[in-house]
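What follows is a set of notes on a single structure, which appears directly below.
The values are calculated or read from the model by the stated rules, or taken from the named source; none is laboratory data. Note that this is a predicted model, so its numbers are computed, not measured. Heads up, the Cβs are rebuilt from the backbone with ideal geometry, glycines too, and the neighbour counts pull from every protein chain shown.
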Amino acid sequence: MRNFFYKYWVLYYILFFLLLGLLIYALLWTPDLSRYTNTINDLNNELKDCKKVVPPTIDNDSIRVINNDGEFGCLSYTLVWNSPDDLDLHVIDAKSSHIFYDKYCKSADNLFSSAGGQLDIDLNAGSVQAEQPVENVYFKCIPPKGNYIVKVHMFEKRTSNPVTFELIVRENGKIIKEVQGKLDTQKQLIEILNYKYDAKQ
């Protein structure tokens, strides 16, 4: 064994210094990430773009209605959004009655349309700004069958960003349809839904 070591001592020294060099290199080496910088920046920009495309989440619409003493009845249209802007819900029922903040509104005349509809929640009107705004039109049982046209109006634009909203249609408290939309400018009025209701006796 001793003769073998003396015979190949040079190999042992080479192996020793080779391992020592590898250890020193591993301790002192730092990865060069500069070549990955462009790729990382591109990925960050893509993530930013994704955030711009995805609309804000609007949830708890039923809780908003309940918390504001609203009702669902046999048929209801609920408008929800997440900003201090004043949006208005307009519903033209199957008997051509126009339900909005000025007519057939609980806080205005407290009347119902001939089809049995009323706007019972009208938030963000005037100086009052709710944290979770909602407007709600409901129909007492049983509204007539026919077309119900739903419009959304930007009554007062208070923020610089477009306002994303959601309209939820319920029959007997069950969600039948959900529609998303967006308003950009002051006084903008859009028709968001033409809903055919088939009254179930």
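Here is how the numbers come out for the structure above:
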quantity	calculated
In segment 63-97, residue nearest to residue 177 (Cα to Cα) [restricted to those that are touching a residue at least 12 places away in the same chain (Cβ under 8 Å) and among the small types (Gly, Ala, Ser)]	76
Filter pass, residue 156 being among the acidic types (Asp, Glu), farther than 20 Å from residue 62 by Cα, over 19 Å from the mean Cα position of the chain (by Cα) and surrounded by 13 or more Cβ atoms within 10 Å (Cβ to Cβ)	yes
Selected residue [loosely packed, with under 15 Cβ neighbours inside 10 Å and either hydroxyl-bearing (Ser, Thr, Tyr) or in the same structural domain as residue 75 (by TED's automatic domain parsing) (or both)] from 146, 126	126
Total residues in segment 73-104, condition crowded, with 18+ Cβ neighbours inside 10 Å, more than 19 Å from the chain's Cα centre (by Cα) and within 15 Å of residue 151 (Cβ to Cβ)	8
Cβ pairs under 9 Å, 6+ apart, first in segment 122-149 and under 14 Å from residue 89 (Cβ atoms), second of a type in the set (S, T, N, Q) and surrounded by fewer than 16 Cβ atoms within 10 Å (Cβ to Cβ)	122/107; 123/129; 125/107; 134/67; 148/194; 149/194
Check on residue 194, buried (at least 20 other Cβ atoms within 10 Å of the Cβ), polar (S, T, N, Q), closer than 14 Å to residue 77 by Cβ and under 23 Å from the mean Cα position of the chain (by Cα)	no
